[in-house]
Amino acid sequence: MSVLEIRGLQVSVDTENGSVEILKGVDLTIKSGETHAIMGPNGSGKSTLAYSIAGHPKYTITGGSVALDGADVLDMSVDERAKAGLFLAMQYPVEVPGVSVSNFLRTAATALRGEAPKLRTWVAEVKSAMEALNMDPAFATRNVNEGFSGGEKKRHEIMQLELLKPKMAILDETDSGLDVDALRIVSEGVNRAKANNDLGVLLITHYTRILKYIKPDFVHVFANGKIVEEGGPDLADKLEANGYADYVSK
Amino acid sequence: MSVLTTNYLTPTGREEAWRFTPLKRMRGLHDGSAIVGDRNSLVTKTGLPKGVSFSREALSPLAVSDDVIIERIRGEAFDVAHLSIDAHAEIREPIFLTRSAGALDTAELSRVRISLGSHAIATIIVENIGETLLAEDLEISLSPGSSLTFVSLQEFDAKSVYTARHHAVVDKDATFKSITVTVGGDVVRILPTVEFTAPGASAELLGVYFATTGQFFEHRMHVDHAVPNAKSRVNFKGALAGRDAHTVWIGDVLIRAVAEGTDTYELNRNLLLTDGARADSVPNLEIETGEIVGAGHASTTGRFDDEQLFYLMSRGITLENARRLVVRGFFNEIITEIGNEEVQERLMERIDGELERAGA
Ligand SMILES: Nc1ncnc2c1ncn2[C@@H]1O[C@H](COP(=O)(O)OP(=O)(O)OP(=O)(O)O)[C@@H](O)[C@H]1O
Ligand SMILES: [Mg+2]
């Protein structure tokens, strides 16, 4: 049983006109097995929250805390956060020229498991993870995210989620850019990871579509750098009908 | 032993061709003060297949050179190490040449000829290793329809100085591909040059170099399109790490008035891994006719991409390993062109080691 606790998180970014505050005190607690959906208008700071938890160097933490099972996440390097059990499925996965998917996955698995996976079982493991997400085995020899379509990049993220078995996953708009079939396939991947590893999920999305497959326990409305309302699954339906006007005008 | 003659103009460092080179570190190769030893260090590494011969003989140069060191070599060294591939021979396994001896207190003046008969196909890998002071005039002649992959590996020890011209003369419908790798030595200066003598010829000059603390590596291309309908591609990738690591890439491509239908593109990309290193990159395209298929060049110099490092690290990979992956990935495109797993892995490990030593 793991707990990710975010308390009063304040984050700013450096711009040409000085530092700009993006997160203005975020409070959120996620436990193993729970799924929290975050919905909010463009530019409200959802990705900033995701990146800040993962440790992207662009963001400066100006206040608050993030703890995973009591350990100070903000004090850890990016790779230490992954080793502690955090995973970020990115809104825009990064291309890494010249590095093959299979080399990348094996290097990551070696780092996270503390030893190189046995070659024979590893090949089978990767193959079945790819098959489960309907990915052509040829992806293993391609360079990481290079020339992948938007949807292929998202499948690749969820394949990593299944292989690397984190405790907590932040999915930043994993559903954007997926066709109807891919949405179902990717959602099933997330649900398998939940079932197999008692994964806690922070799911950032603009659409209720994905919430039909991945059932949230909590829905949070994010606006202007913080959570402005919390509720159950029905809050998502309300947002879809009414938009964010009630929250941004305040 | 003899002292190099000084009939030729000694470079001062003000000449265009020498303006980047640290002459003081050339150990007298450039001004004739180096004592010439009698070494013929180039040897075959394994037995030669049928259709291939290697011998020392007197040969006159294939092409003129305006490089003073090449002129001196020709004035002093008459024996040429000659690797010859018979016409129509198709040699599947790479032919390895390596260095048997070296010294820093005396210089070796080396002349090498590689010749392919018509329609011959071969891959030749030259391993330049050890501690040596070496000046080399290497000429390659490709008869009509022949095809050569020429891999030149500068894996010298730290104090070596190597200055060379690798000149290919490419005849009708012949295909020349070179992969020049420079990862070792104190001063390495190579002139990969190509001239086409008949239409339908093509050349691909690929290269990688990785200079760390204090090393100077210069690659000075010259591609002469003197006939119609020839094609050339140049793609060199370099990385630098550590104080006073310095690389120079010059890409001179000349399309003469007669060279209608020319198709050429040259590219140089540099990765500056630490502060204190310097990469000079000078593409230079001279076009004397408008009737061409295409001509272009690009040159970029960048640093580690933070987004790439973040992505890799977010999967648990340490910063050190993430950098290693990115650098390997950067070079991978060209290293895999060698087509020999053992050599490729050896080079990648050398690159890992250089990266580690430079503390990048
Ligand atoms: N370097 C920067 N300079 C100025 N503003 C920035 C910079 N980086 C981020 N921002 C701003 O921070 C805000 C939050 O961005 P973020 O990507 O977190 O939004 P988001 O909620 O994920 O939006 P979306 O739904 O469009 O993905 C935006 O207004 C963005 O323009
Ligand atoms: Mg976003």
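The values are calculated or read from the model by the stated rules, or taken from the named source; none is laboratory data. From a predicted model like this one, the values you see are computed outputs, not experimental measurements. Methodologically, a virtual Cβ is constructed for each residue, glycine included, from the backbone with ideal geometry; neighbour enumeration extends over all protein chains shown. Just the protein is used for accessible areas: all its heavy atoms, side chains included, with ligands, DNA and RNA removed. Shrake-Rupley method; radii C 1.70, N 1.55, O 1.52, S 1.80 Å.
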Out of segment A:135-159, which residues are open to solvent by 40 Å² or more (accessible area, probe 1.4 Å), in a helix (DSSP H, G or I), farther than 15 Å from A:Ser176 by Cβ and away from chain B (no Cβ under 13 Å)? A:Pro137, A:Ala138
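Would you say A:Val228 is outside any loop (DSSP other than H, G, I, E, B), over 25 Å from A:Asp179 (Cβ atoms) and open to solvent by less than 80 Å² (accessible area, probe 1.4 Å)? Talk me through it step by step, then tell me what you get.
On the way: outside any loop (DSSP other than H, G, I, E, B): yes; over 25 Å from A:Asp179 (Cβ atoms): yes; open to solvent by less than 80 Å² (accessible area, probe 1.4 Å): yes.
Answer is yes for this residue.
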Evaluate the following for A:Arg120: is it in a helix (DSSP H, G or I), away from chain B (no Cβ under 14 Å) and over 22 Å from A:Thr35 (Cα atoms)? yes
Neighbours by Cβ (under 9 Å, 6+ apart or cross-chain): first from segment B:327-351, within 14 Å of chain A (Cβ to nearest Cβ); second among the acidic types (Asp, Glu): B:Val327/B:Asp352; B:Arg328/B:Asp352; B:Glu337/B:Glu204; B:Leu347/B:Glu155
Can you tell me which residue in segment B:266-303 is nearest to the other protein chains (Cβ to nearest Cβ), limited to those that are surrounded by fewer than 17 Cβ atoms within 10 Å (Cβ to Cβ) and more than 30 Å from B:Ala203 (Cβ to Cβ)? B:Arg303
Collect the residues in segment A:71-128 that are in contact with a Leu (Cβ under 6 Å, 6 or more places away or on another chain) and more than 25 Å from A:Lys194 (Cβ to Cβ), keeping them in residue-number order. A:Val99
Conditions first: (1) touching a residue at least 12 places away in the same chain (Cβ under 8 Å); (2) farther than 27 Å from B:Glu341 by Cα. B:Val52 passes all but one, so which condition is the exception? (2)
Inspect segment A:54-70 for any residue being over 16 Å from the mean Cα position of the chain (by Cα), among the aliphatic types (A, V, I, L, M) and under 17 Å from A:Gly8 (Cβ atoms) and give the result as yes or no. yes
Filter segment A:69-91 down to the residues that are modelled with pLDDT of 95 or more and within 16 Å of ligand 1 (Cβ to nearest atom), then identify the one that is surrounded by the most Cβ atoms within 10 Å (Cβ to Cβ). A:Leu88
For segment B:32-122, give me every one of the strands (runs of 3 or more DSSP E) that falls completely inside it and has 2 or more residues that are crowded, with 19+ Cβ neighbours inside 10 Å. B:79-85, B:95-99, B:108-116
Collect the residues in segment A:34-61 that are more than 12 Å from ligand 1 (Cβ to nearest atom) and more than 13 Å from chain B (Cβ to nearest Cβ), keeping them in residue-number order. A:Glu34, A:Thr35, A:His36, A:Ala37, A:Ile61
Sort out which residues of segment A:101-120 are surrounded by fewer than 19 Cβ atoms within 10 Å (Cβ to Cβ) and touching a strand residue (DSSP E or B) at 6+ places or on another chain (Cβ under 6 Å), and write them in order of number. none
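Checking the condition within 16 Å of ligand 2 (Cβ to nearest atom) and among the hydrophobic types (A, V, I, L, M, F, W, C), which residue from A:Leu49, A:Leu74 passes?
Details: A:Leu74 fails: within 16 Å of ligand 2 (Cβ to nearest atom).
Result of the check over A:Leu49, A:Leu74: A:Leu49.
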What number of residues within segment A:10-19 are more than 14 Å from chain B (Cβ to nearest Cβ) and within 16 Å of ligand 2 (Cβ to nearest atom)? 1
Looking for something in contact with a strand residue (DSSP E or B) (Cβ under 7 Å, 6 or more places away or on another chain) and within 16 Å of ligand 1 (Cβ to nearest atom) - is there at least one such residue anywhere in segment A:175-185? no
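Being away from ligand 2 (no atom under 16 Å from the Cβ) and open to solvent by less than 40 Å² (accessible area, probe 1.4 Å) narrows it down to one residue among A:Val26, A:Val94, A:Val66, A:Val123; which is it? Steps first, please.
Details: A:Val26 fails: away from ligand 2 (no atom under 16 Å from the Cβ); A:Val94 fails: away from ligand 2 (no atom under 16 Å from the Cβ); A:Val123 fails: open to solvent by less than 40 Å² (accessible area, probe 1.4 Å).
From the options A:Val26, A:Val94, A:Val66, A:Val123, the qualifying one is A:Val66.
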Per the list (1) more than 14 Å from chain A (Cβ to nearest Cβ); (2) in contact with a Pro (Cβ under 7 Å, 6 or more places away or on another chain); (3) more than 21 Å from B:Thr21 (Cα to Cα); (4) open to solvent by 30 Å² or more (accessible area, probe 1.4 Å), residue check on B:Gly261 breaks on (4)
Does segment B:214-228 hold any residues that are outside any strand (DSSP E or B) and under 17 Å from B:Val181 (Cα atoms), and which are they? B:Gln215
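If I filter segment A:174-208 down to residues being part of a loop (DSSP other than H, G, I, E, B) and away from ligand 2 (no atom under 16 Å from the Cβ), which single residue comes out as surrounded by the most Cβ atoms within 10 Å (Cβ to Cβ)? Working first, answer last.
First pass over segment A:174-208, keeping only residues part of a loop (DSSP other than H, G, I, E, B): A:174-179, A:198-199, A:205-208.
Subsequent filtering for residues that are away from ligand 2 (no atom under 16 Å from the Cβ) retains A:179, A:198-199, A:208.
On the way: A:Asp179: 9, A:Asp198: 14, A:Leu199: 25, A:Thr208: 18.
Here the answer is A:Leu199.
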For a quick check of your reading of the model, give me the residue pairs whose first member lies in segment A:185-198 and is among the basic types (Lys, Arg), whose second is open to solvent by 20 Å² or more (accessible area, probe 1.4 Å) and assigned to a loop (DSSP other than H, G, I, E, B), with beta-carbon atoms closer than 9 Å and at least 6 apart or on different chains. A:Lys194/A:Gly33
Here the qualifying pairs (Cβ atoms under 7 Å; residues six or more apart or on different chains; first in segment B:161-177 and of a type in the set (Asp, Glu); second buried (at least 21 other Cβ atoms within 10 Å of the Cβ)) come out as B:Asp171/B:Leu142; B:Asp171/B:Ala201; B:Asp173/B:Ala201
Across segment A:29-42, which residue is nearest to A:Pro216 (Cα to Cα) among those that are away from ligand 2 (no atom under 16 Å from the Cβ) and open to solvent by 10 Å² or more (accessible area, probe 1.4 Å)? A:Glu34
